[in-house]
Amino acid sequence: MPEDETLRVVAADDSLWSRYCALAARSYGHLIPDLTRLFPHADARVAVRGDQVIAGGLGLLMPQFFGGRPVLSACMAAGCVAPEERGRHLTTRVLTERIRPLQEQGAVLATVWTTSTGYAHRLGWAAPTSVFSWAVPTNDLKRSFDETGYEIAHGSDVRSERLQKELAARWNGPWQRPPWWAGWQADKHSQFATYRFNLPGQDTSGVLSLAFAQDPAAGQQVVVHDFWASTSGAATAMLTFLGRFSSRIPTVSFQRTGLPAAGVLLEQLDRIGSASARHWHPWMLRILDLRQAVRSRGWPEGLDTTIPIEVVDDPNAEPQRFTLRIANGVGDLEPSTLTGRCTLTRRHFAVWYAGGYQTATAAALAGVDGDPRTVADLVHATTEREPWLPEHF
């Protein structure tokens with residue numbers, strides 16, 4: 001299909017953004033309050049044909065932690081195409097034009113939450129990990145967890161914010177949260193509240209943020225949005241605290257971003273069958289600049305490796321050849337003429353970059369091709385931290 005030369009993707013002023021908000025409500029079938037909340041903090045772009053706004057979305061220039069270091073990412077939010085324009089393949093062009101200004105400001109990654117995973121795959125995005133929400137009866141939390149030695153305080157402070165940042169860096173994907181994050185969440189969720197947990201005389205070791213929601217089937221629920229614990233004791237104290245809502249609220253729901261990929265809940269729950277999981281559409285990652293992404297990321301201090309690799313963008317095109325070098329916590333991806341001992345697509349690269357392949361077997365089953373020992377060495381470089389994106393946008 002020829003490119004629509006009458007289509008323009010432009011920065012949105014207040015008037016254009018107001019028209020896009022109306023389009024998004026018509027496209028999604030409901031209002032999208034984040035379009036207004038995030039507008040002051042984002043790069044807002046709309047696609048215009050004539051005097052009609054037909055597509056658009058927000059882009060947030062946000063550092064995300066990978067390998068313990070913040071890497072600038074273009075976090076794409078609230079995008080849509082007018083229903084009457086679907087099927088014209090506008091998303092590819094519009095998304096490219098939305099990412100461009102953020103890439104010009106230094107973004108080397110792009111991240112999105114999307115239901116259109118197949119379409120995103122074709123554009124080079126990949127999901128590093130599966131995403132689940134959990135619902136647990138409060139009575140079962142009360143019966144399973146009993147840690148009473150912790151002090152609990154309402155509200156965040158400098159120490160809890162520092163703990164959240166330290167713990168975020170232990171995963172691949174979390175934001176380095178901006179100052180406006182807490183206000184955004186408080187405005188977004190009903191009765192949003194944060195609690196701090198610490199042993200007497202010791203520093204904060206747990207931070208829990210929750211809100212309330214009404215579910216037609218389950219009734220009133222506590223919804224956990226943030227669950228940060230530096231020790232298993234702090235995690236148990238936080239789950240004990242949630243169980244104390246049992247007298248009034250039947251269910252605690254851990255939203256899709258609200259619980260790290262750790263076994264603290266299921267391993268200690270007396271009746272594992274009482275917890276129900278719902279699989280959600282995932283967050284997806286795309287590497288905009290392979291070499292700069294490798295340079296920006298953190299790497300294990302004790303790792304010293306050199307791996308020739310090939311990255312394939314198109315099965316019918318010549319692969320890009322690189323030499324991956326990692327030493328003393330620093331990585332580089334140097335162009336090479338040597339044949340690689342490992343071949344992967346950009347999508348494979350994104351999953352590997354985020355620590356999504358925990359074993360060489362998993363990488364090989366996903367399609368990463370090469371000598372088994374080389375694939376194992378490649379996977380080992382990013383398994384120090386697991387993928388988790390606690391922010392939903």
| request: Go over the candidates LEU324, LEU344, LEU338, LEU389 one by one and state the one that is within 28 Å of GLY59 (Cβ to Cβ) and free of Cβ contacts under 8 Å to residues at least 60 places away in the same chain. | output: LEU344
| Name the pairs whose Cβ atoms lie under 7 Å apart, with the first residue in the range 31-60 and more than 20 Å from ALA110 (Cα to Cα), the second assigned to a strand (DSSP E or B), and 6 or more positions between them or separate chains? | ILE32/ALA78; VAL48/ARG8; VAL48/VAL10; ARG49/LEU7; VAL53/VAL46; ILE54/ALA47; ILE54/VAL81
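From the list SER246, SER232, SER274, which residue is touching a Lys or Arg at 6+ places or on another chain (Cβ under 6 Å), open to solvent by 20 Å² or more (accessible area, probe 1.4 Å) and in the same structural domain as PRO137 (by the TED database)?
SER246
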| Mind checking which pairs have a first residue in the range 217-234 that is farther than 26 Å from TRP175 by Cα and a second that is surrounded by fewer than 21 Cβ atoms within 10 Å (Cβ to Cβ) and of a type in the set (Lys, Arg), Cβ under 9 Å, 6 or more apart or different chains? | GLN220/ARG248
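I need the full set of residues from the range 70-115 which are of a type in the set (Gly, Ala, Ser), in contact with a Phe, Trp or Tyr (Cβ under 9 Å, 6 or more places away or on another chain) and over 23 Å from ALA25 (Cβ atoms), in order please. Show your work before the answer.
The initial filter retains those residues of the range 70-115 that are of a type in the set (Gly, Ala, Ser), namely 73-74, 77-79, 82, 87, 106-107, 110.
Then drop every residue that is not in contact with a Phe, Trp or Tyr (Cβ under 9 Å, 6 or more places away or on another chain), which leaves 73, 77-78, 110.
Result: SER73, ALA110.
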| request: Go through the range 1-58 and give me each residue that's surrounded by 13 or more Cβ atoms within 10 Å (Cβ to Cβ) and part of a loop (DSSP other than H, G, I, E, B). | output: ASP4, ALA12, ILE32, LEU38, ALA42
| For the range 149-166, which residues satisfy the criterion of being surrounded by fewer than 20 Cβ atoms within 10 Å (Cβ to Cβ) and in contact with a Ser or Thr (Cβ under 7 Å, 6 or more places away or on another chain)? | GLY155, SER156, ARG159
| task | Give just the number: which of (1) within 24 Å of ALA277 (Cβ to Cβ); (2) open to solvent by 60 Å² or more (accessible area, probe 1.4 Å) does GLN185 not satisfy? | result | (2)
| message | When the residues of the range 193-210 are narrowed to those that are surrounded by 19 or more Cβ atoms within 10 Å (Cβ to Cβ) and of a type in the set (A, V, I, L, M, F, W, C), which ends up nearest to GLN255 (Cα to Cα)? | response | LEU210
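The values are calculated or read from the model by the stated rules, or taken from the named source; none is laboratory data. Remember, predicted model here, so these are calculated numbers, not experimental data. Every residue, glycine among them, receives a Cβ derived from its backbone with ideal geometry; neighbour counts consider all protein chains shown. Calculation scope for accessible area: heavy atoms of the full protein, side chains included, ligands and nucleic acids excluded. Shrake-Rupley method; radii C 1.70, N 1.55, O 1.52, S 1.80 Å.
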